[in-house]
Amino acid sequence: MSTNLPTSYEAEFAGKVALVTGGASGIGLALSRRLAAGGATVVVADHNEESARKAADELKTTGARAAAVALDVTDPASVEAGVRFAVDTFGALHLGVNNAGIGGPAQTTGEYGIEDWNKVVATNLSGVFYSMRHEIPAILAAGGGAIVNISSILGTNGFANSPAYVAAKHGVVGLTKTAALEYAAQNIRVNAVGPGFIDTPLLRDTDGPAREHLISLHPAGRLGTSEEVAELAAFLLSDRASFIHGSYHLVDGGYSAA
Ligand code: NDP
């Protein structure tokens, strides 16, 4: 049986159009850069239009094809319009990176605010569903492709004082497996990535002893970088991962091995 594995890793995403939610910052920005470096056309989709445009402009200076679109993953109509923008602008969509996410407050389950719960779940879980809901028909129309959903190490571990985040990230793993089963035979691979704690603006309010505590959870003795997460996600999006469907892959400095 032919596997169609690539023979060269240069320009491995040539001819592919990718949409990256939350693509203007942190892990999403690193992924936008990594995909563009591999030859992909990248649509940077973020709710902050100005930072999305700045990121897309940066990609264009490297010679990549890129565009920015304002997209709020908590709003299905906005997601639908963002996917339509990608297809209308570049002719197709092949790769979906569902990365936009927020942390939410640190609070126990018994005291967690209902509005906070709804906001975190709307962004981190419903946002991934809305994104796949609109990406999948577009990717099918293009003849197939791949999706990576950014979950977290907290897609498999609990974490005190983060009930909404942990529940949403566990949900992303189940949603990923389900979509993977539904579309494997139609040439769409759907996988999830579970980063440990990564040094991005998401951790901007975590410093001093709290940051030291997070570092101590990783046997590697440090937080991860956005580029380290982007490398794993890029592999899963590439044809090199052609037999990988419905998996949840950790990039966590050994966090989960303990
Ligand atoms: P960042 O805050 O650096 O980037 C997230 C991006 O998503 C920002 O540009 C943010 O915009 C945008 N965003 C937030 N809400 C929405 C929305 N409703 N619609 C569209 N865009 C939105 O965070 P990270 O890069 O750290 O996080 C990326 C993903 O990785 C998240 O899903 C996060 O849960 C996950 N993750 C992060 C870890 C970490 O330790 N950093 C660990 C494990 C997983 P703005 O900043 O303007 O609000």
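Has region 243-251 got any residue that is under 28 Å from Gly39 (Cα atoms) and part of a helix (DSSP H, G or I)?
no
Those residues that are under 16 Å from Tyr248 (Cβ atoms), polar (S, T, N, Q) and buried (at least 20 other Cβ atoms within 10 Å of the Cβ), I need them from region 141-180; list them, please.
Listed by number, the residues that qualify are Asn149, Ser151, Ser152, Thr176.
Working carefully through the options Leu202, Leu154, find the one that is within 12 Å of the ligand (Cβ to nearest atom), touching a residue at least 60 places away in the same chain (Cβ under 8 Å) and not small (Gly, Ala, Ser). If you could, list the steps in order and put the result at the bottom.
On the way: Leu154 fails: touching a residue at least 60 places away in the same chain (Cβ under 8 Å).
Answer to the check: Leu202.
I'm checking my understanding of the structure. Among residues of region 237-258 that are touching a residue at least 60 places away in the same chain (Cβ under 8 Å) and aliphatic (A, V, I, L, M), which one is nearest to Val190 (Cα to Cα)?
By that ranking, first place goes to Leu237.
Mind checking which residues of region 237-247 are closer than 14 Å to Ala179 by Cβ and surrounded by 19 or more Cβ atoms within 10 Å (Cβ to Cβ)?
Result: His245, single match.
Of all residues in region 33-73, which are in contact (Cβ under 8 Å) with a residue 60 or more places away in the chain and not basic (Lys, Arg)? Walk me through how you get there before you give the answer.
Of region 33-73, the ones in contact (Cβ under 8 Å) with a residue 60 or more places away in the chain are 33-35, 38.
Listed by number, the residues that qualify are Leu35, Gly38.
Ala138 is checked against (1) more than 11 Å from the ligand (Cβ to nearest atom); (2) assigned to a helix (DSSP H, G or I); (3) crowded, with 23+ Cβ neighbours inside 10 Å and fails just one. What number does that condition carry?
(3)
With respect to Leu175, is the statement that it is over 20 Å from Leu29 (Cα atoms), in contact with a strand residue (DSSP E or B) (Cβ under 9 Å, 6 or more places away or on another chain) and part of a helix (DSSP H, G or I) true? It would help to see each step written out before you state the result.
On the way: over 20 Å from Leu29 (Cα atoms): yes; in contact with a strand residue (DSSP E or B) (Cβ under 9 Å, 6 or more places away or on another chain): yes; part of a helix (DSSP H, G or I): yes.
Yes.
Every residue, every condition in (1) within 11 Å of the ligand (Cβ to nearest atom); (2) surrounded by fewer than 13 Cβ atoms within 10 Å (Cβ to Cβ); (3) without any contact (Cβ under 8 Å) to a residue 12 or more places away in the chain; (4) not in a strand (DSSP E or B), yes or no:
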position: Leu214; (1), (2), (3), (4): yes, no, no, yes
position: His218; (1), (2), (3), (4): yes, no, no, yes
position: Val229; (1), (2), (3), (4): yes, no, no, yes
position: Leu232; (1), (2), (3), (4): no, no, no, yes
position: Phe235; (1), (2), (3), (4): no, no, yes, yes
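Condition first: touching a residue at least 60 places away in the same chain (Cβ under 8 Å), out of contact with any strand residue (DSSP E or B) (no Cβ under 6 Å at 6 or more places or on another chain) and at positive phi. Can you find one or more residues in region 74-90 that meet it?
No, region 74-90 contains no residue that is touching a residue at least 60 places away in the same chain (Cβ under 8 Å), out of contact with any strand residue (DSSP E or B) (no Cβ under 6 Å at 6 or more places or on another chain) and at positive phi.
Specify the residue that is farthest from Gly246 (Cα to Cα); the eligible residues are those in region 171-226 that are modelled with pLDDT under 95 and of a type in the set (Gly, Ala, Ser).
My answer is Gly208.
The values are calculated or read from the model by the stated rules, or taken from the named source; none is laboratory data. Since we're looking at a predicted model, the values are computed, not measured. Here the Cβ is made from the backbone with ideal geometry for all residues, glycine too, and neighbour counts use every protein chain on show.
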